[in-house]
Each structure stands twice: as structure tokens, then as C-alpha cells.
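Working notes, structure below.
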Amino acid sequence: MEMTRTRPSLYGEIAQGLGFWTDRSAVHEAASQGRALQLQQLILGGATVNIVAVSSITPLHEACIRGHTKCVRLLLDAGAQVDAQNIDGSTPLCDACAAGSLECVKLLLEYGATVNPPMFTFTPLHEACMGGNSECVQLMIDQGADIEAHDCHYGTPLHVACGTQHYDCAKVLLNAGANVNAATLHETTLHHAAKTKSVDLIDLLVEFGVNVYARDNLKKKPIHYTSLGSPSYLSLEFYENTPLSLQQISRVAVRGALGIRACEVVSKLDLPNRIIRFLSYMPPPVIEI
């Protein structure tokens with residue numbers, strides 16, 4: 001349930017409602033530099049915490065992008081708008097995820113930050129993937145983030161993770177049931193991995209059932225974005241010429257049928273632990289001799 005917050009000042013409402021821009025304030029500076037004592041004194045002195053600067057940046061945005069948890073708490077306690085949007089539509093939660101500040105993310109969620117803001121650009125989950133912050137990615141998923149949220153330029157969070165070579169983020173998303181064959185402009189996650197020449201990501205995507213033959217809007221397959229004879233080329237060539245094993249096909253089929261419920265459902269199946277681990281993409285148990 002969303003917590004009750006203090007109503008912002010009339011000045012702050014006018015500034016946000018009309019897009020009014022003011023010079024960067026002392027509150028912005030204190031929040032940006034992590035000067036919690038000075039920020040507290042400014043607030044006690046009646047400073048407006050929802051004042052906006054150029055691009056509609058609030059002090060809360062400033063504190064979150066730099067991971068200053070104490071300043072974030074002071075601002076929120078003083079009535080800072082937890083879902084304030086800057087000119088690009090980014091909220092403080094987007095900034096905290098981009099910065100990889102797990103404590104700031106948790107604090108914003110505690111104060112009712114919206115996990116899936118109504119926007120057509122990067123969501124907080126996209127930002128966490130762009131920054132390579134797998135812990136933030138997991139936390140956002142646990143809080144109900146839409147793993148298939150689609151940005152018109154960058155695609156899904158999985159596209160972002162693959163395009164920025166953040167293997168750990170991609171693995172978290174895939175384990176959570178992200179669609180490995182999602183496409184943007186017909187470009188799949190594997191196209192992104194091929195362009196970055198990441199063999200590890202290519203292997204991971206194939207393991208989760210990506211289509212190695214998919215073509216983008218230029219009619220190119222992922223292998224066409226690699227250099228002849230390079231490790232990524234050889235990897236894709238191998239996967240194009242080698243059929244998946246029956247085990248892999250079965251696992252991909254089960255995971256595909258269960259979607260985002262896979263992790264929860266698989267763990268409850270009446271199956272041997274070894275099969276459960278296989279379906280959950282976990283390594284086999286270590287047998288001590």
C-alpha cells in the first residue's frame with residue numbers, strides 16, 4: 001500500500017505542471033553532493049524539496065543518481081514526490097536503478113515508488129540492465145517489474161542487457177522467464193549479442209532456446225554481424241549446424257510453456273532433484289566421494 005506523503009508546495013506544483021524551470025537550487029546541490037546535514041538544515045529552514053531545475057530535475061533525482069541514501073530519505077520524509085518525472089520521463093527509481101544503488105531502490109519502493117511507470121521509454125528495469133546492476137534487476141523483478149516492457153528504440157530489458165554485454169543481468173532475466181526471442185525491428189537478442197561479439201551471451205541465449213536463424217529487417221541472421229573465423233562466428237556456425245539435444249528441446253519447451261511462472265512451478269514438481277535443477281538451469285549437485 002502506498003504511503004501517505006506530504007503535499008508539495010504550490011510553487012512545486014506550478015513548476016511541475018507548467019514545466020517551469022528554475023536555476024539549480026541549494027537543495028539540488030546538497031542532494032547531489034550527499035551533504036545530508038546541510039540538506040536537513042535547508043529543509044528545516046523551509047526549503048522546497050520539489051523545486052525543479054533544468055530538464056525538470058528534482059533534488060530527489062539528484063540524490064538517487066548518485067546513490068546518496070541519507071539524502072533520499074530526508075527528501076522523502078520532507079514530502080518529495082517519489083514518482084516525479086524529468087523531461088525524459090525518468091523517475092527517481094529509474095535513476096537509482098541506473099546508479100545500481102540497491103539501498104536507494106529499496107527506500108524508494110518503501111515509499112511507494114511505481115515499479116512500472118506509464119512511459120514509452122526506459123523503465124527502471126531497463127535502466128538497471130543498462131547499468132549492469134543484476135541485483136537491482138532481480139529486486140525489480142521480485143517487485144513485479146514487467147520483464148517484457150518494450151522501448152521503441154532499445155527493445156526489451158533483455159535486448160538492453162545483451163546489447164551492453166551484461167551477462168549476469170541477461171541470466172537473471174532469462175531465469176525469470178523473459179522471452180529470449182523477443183524482437184525489435186525484427187532484431188533479436190541474439191543479433192545484439194552477435195554485434196557485441198560476446199560468445200558467453202551467445203551460449204547463454206542458445207541454452208534458453210533462441211532462434212539462431214532469425215533475420216532482422218535487413219534480412220540478416222546474427223552470424224552475419226560477426227567476422228569470418230572469429231570466436232563469435234564459429235560459435236554461431238556451430239549452433240546453426242548442430243541440432244539441439246532432446247534434453248535441451250524438452251527444457252526449452254517446458255520453460256516456454258510456463259513462461260514467467262517457470263521458477264515457481266518447476267520447484268514444486270514431483271520430480272527428482274537432478275531434473276528440477278536441470279529445468280531451473282542450475283548446475284547438477286556436487287557429489288562428494
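Extents of region 131-289, taken as max minus min of Cα coordinates on every principal axis and listed largest first, are 46, 36, 28 Å.
The H on the amide N of residue 187, modeled in the peptide plane, is under 5 Å from the matching H of 217, each at least 5 residues off or on a different chain. In sequence order, region 251-257 has phi-based couplings of 5, 4, 5, 5, 4, x, 5 Hz under the Karplus curve 6.51 cos²θ - 1.76 cosθ + 1.60, θ = phi - 60°, and Gly or Pro positions carry x.
The trypsin sites (Lys or Arg not before Pro) of region 208-289 that meet both conditions, a loop assignment by DSSP and at most 11 other Cβ atoms within 10 Å of the site Cβ, are 219, 268. Near residue 279, once Lys and Arg are set to +1 and Asp and Glu to -1 for all other residues with Cβ below 14 Å from its Cβ, the sum equals +3. Placing a pseudo-label 7 Å from each Cα along the Cα-to-Cβ vector at residue 70 and residue 218 gives an inter-label distance of 5.1 nm.
Maximal additional length on extending the residue 271-residue 44 stretch stands at 75.7 nm, based on 0.36 nm per residue less the C-alpha distance.
Work out the FRET efficiency for residue 148 and residue 37 from their Cβ-Cβ distance, taking R0 = 35 Å, and round it to the nearest 0.05.
0.20
Computed over neighbours whose Cβ is under 11 Å from that of residue 33, the net charge equals 0, Lys and Arg +1, Asp and Glu -1.
Taken about its Cα centre, the chain carries a charge dipole of about 340 debye when Lys and Arg each add +1 at the Cβ and Asp and Glu each add -1 at the Cβ. Working note: 222 nm ellipticity from helices only, DSSP H runs with n ≥ 4, each -39,500 (n - 2.57), summed and divided by the residues of the chain, gives -13500 deg cm²/dmol to the nearest 500. Amide H contacts of residue 151: 156, each under 5 Å away and 5 or more positions distant or on a separate chain (H built 1.01 Å from N in the peptide plane; Pro and chain starts excluded). Here region 148-239 is treated with +1 on each Lys and Arg Cβ and -1 on each Asp and Glu Cβ, and its dipole about the Cα centre works out to around 320 debye.
Exposed loop GluC sites (Glu not before Pro) only (DSSP loop, at most 12 other Cβ atoms within 10 Å): please give the longest stretch of the chain free of them, not including the sites.
No qualifying site falls inside 3-287, the longest such stretch.
Using C-alpha pairs under 8 Å with a sequence gap of at least 6, the mean separation divided by the residue count of the chain gives a relative contact order of 10 percent. When the chain is described by a simple charge dipole with +1 on each Lys and Arg Cβ and -1 on each Asp and Glu Cβ, the residue from 68, 41, 121 located farthest towards its positive end is 121. Any aspartates and glutamates with Cα under 19 Å of the residue 219 Cα? List them, leaving off those in the same chain fewer than 8 positions away. Cross-link targets: 187, 237, 240.
None of the figures in this text is laboratory data; all of them are computed from the coordinates on show. Just so it is clear, the structure is predicted and the values come from calculations on it, not from any experiment. Neighbour counts run over all protein chains shown; Cβ positions are idealised from the backbone, glycine included.
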